[in-house]
Every structure is written in C-alpha cells, then in structure tokens.
1. Could you work out how far the C-alpha centroid of the stretch 22-73 sits from that of the stretch 95-124, in angstrom?
2. Given a 1.4 Å probe, how much area per residue of the stretch 1-108 is accessible, in Å²?
3. Quick one: which residues, 5+ away or cross-chain, put their amide H under 5 Å from the amide H of Arg78? H built at 1.01 Å from N.
4. How long are the semi-axes of the ellipsoid equivalent to the stretch 1-126, from square roots of 5 times the Cα gyration tensor eigenvalues, in whole Å, largest first?
5. Where in the stretch 32-72 are there trypsin sites (Lys or Arg not before Pro) that are in a DSSP coil and have at most 13 other Cβ atoms within 10 angstrom of their Cβ?
6. Could you tell me what fraction of 2.2 N^0.38 Å the Cα radius of gyration of the chain comes to, as a two-decimal ratio?
7. Above 16 Å lies some portion of the pair distances; for the stretch 88-168, what is it as a whole percent of all C-alpha pairs?
8. Please turn the phi angles of the stretch 122-127 into ³J(HN,Hα) values with the Karplus equation 6.51 cos²θ - 1.76 cosθ + 1.60 (θ = phi - 60°), one per residue in order, whole Hz, x for glycine and proline.
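The values are calculated or read from the model by the stated rules, or taken from the named source; none is laboratory data. Only a predicted model underlies this, so the values are computations on that prediction, with no experimental measurement involved. Virtual Cβ from ideal backbone geometry, glycine too; neighbours counted across all protein chains shown. Protein only, heavy atoms only, side chains kept; ligands, DNA and RNA dropped before computing areas. Shrake-Rupley method; radii C 1.70, N 1.55, O 1.52, S 1.80 Å.
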Amino acid sequence: MTETQMKPTEEVNVSNGIYAKYIKRAMDFFLSFCAITVLSPLLIILTVVGVIAMKGNPFFTQLRPGKNEKIFRLIKFRTMSCQTDKDGNLLPDEKRLTKYGKFLRSTSLDELPELINILKGDMAVIGPRPQLVRDMVFMTEMQRMRHKVRPGLSGLAQISGRNAINWENKLEYDIEYIQNITFLGDWKIIFFTIKKVFERADISADGMETAEDLGDYLLEKGIVDKESYDEKQADALELLRV
C-alpha cells in the first residue's frame, strides 16, 4: 500500500458509478441464486454431516455490521464446539475448533451458507468482509467508511493476504476497494478468490488457529490502553443489545 491510497476521511469517495449503483446488486442476486442451485447437493451433505460432527445444529449465526453499519445475522457452517470450562464459560477458540471445523475452514466450505445472506441483500459477492461488531468499534472514522457498501463473501483484502496480513493493511485494502468498485475489478477478485480456495492459502495468521480480534491486536501492540479497550468492548455489547 502507498501513502496516497489512505486518504483522510473527508476525501474517501465511495464508488457510485452505474455498475456499483445499479448492476452490482442484480449480479450478486443472480450469482448467489445460481450458486445455491448448483451447490444444493453439497449444501445438503454438509448440513447432514455437520449435524453428526457437531452433535446438533450445524449452522453458526452471528450478528455483524452490514451496509451503513446496520446489524444483520451472518450464517456459516459451525466449525467450533460449544465446550465450556467448569464455570460455564466457553473455552478458547483454538480448543473448540474441531478437526471437521479445520477442514471446513481450510477449504472455505464454512462460508457457503453466506450465499443466503447475499441472496437476501445483507451481503455482496465481493466487498469488505463483515467483521465483528467488537472489531468495528475499534476502527477509526475512516476505517469505518468500509461499511458504506455491503460486506462481501470475498474482497480485495482476502486475495491480498486474508488473515496472513495485519489489521492495518487489511482495512487499507477495504478502503481502496470501496473507492474503486468496477465490474472487471470484482471479477478479478472472484477469479483470484477461487485460486486462493484451491491453494488453501492465508487461512490464518502464523501461529494462530483463528483470526485475532482488532481490539486484542491494538491492545497487544500498545495502540490502545486497557481502559479504552474495556470501554470499546462495552460499546460493542451495547450495540448488540439494540
């Protein structure tokens, strides 16, 4: 990323051309409908296997910020168990991630139910990935501009390193994308996403089974202090109660 790619908030202009404004949503609906139709046997198989492997509900849903920070319910295949400690608290992610879950993540099959989110209009095929609400509250005003468009199944950050790049670069790629939404650009990302899936590349950061939250990353780097960290986490909980 160059310095010129990260502009001050007032200079971040979200693409508003014919494709972004009128064609992109129609294309998303068509592609997601076709994908669900073609992949329906696989979706059924994964649902049945998921019921057995996860000993219950094979789906995982979570509230995420969508376009204009409107909260929606993201749908994925479950990859982690619901194991808790003696006090009833969920165990750390890396301990709850099952072998079946690792397979789903390494092949990106856990993301397939998000096609339903795309069909509904919560998401797009290509766009900034929908992060957690507790990530959003730690973003700067400029970084939160990424929510001016629908979040995507894949995006520029995903083909540029996915979870193997740091948070700053990931969010820079999101801002770069929303300023340059084009038909050819989206299809280029689709092509390279398929390539990444087959290569099983950049699934996680080095030494980590799951991606690190933005707040935890900033706290570890000393960019925010513990008091600010706790305040932001409280803000996230408040947003989820609305």
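1. 7
2. Values: 6940 Å² over 108 residues.
Solvent-accessible surface per residue comes out at 64 Å².
3. Here the answer is Phe59, Phe60, since their amide H atoms fall under 5 Å of that of Arg78.
4. Working from the Cα gyration tensor, I get semi-axes of 32, 22, 13 Å.
5. On the way: sites: Lys55, Lys67, Lys70; in loops: Lys55, Lys70.
Within the stretch 32-72, the qualifying trypsin sites (Lys or Arg not before Pro) (loop, at most 13 other Cβ atoms within 10 Å) are Lys55, Lys70.
6. Values: Rg = 18.0 Å, N = 242, 2.2 N^0.38 = 17.7 Å.
The reported ratio for this selection is 1.02.
7. 64
8. Here the 3J(HN,Hα) series is 6, 9, 10, 5, 10, x Hz.
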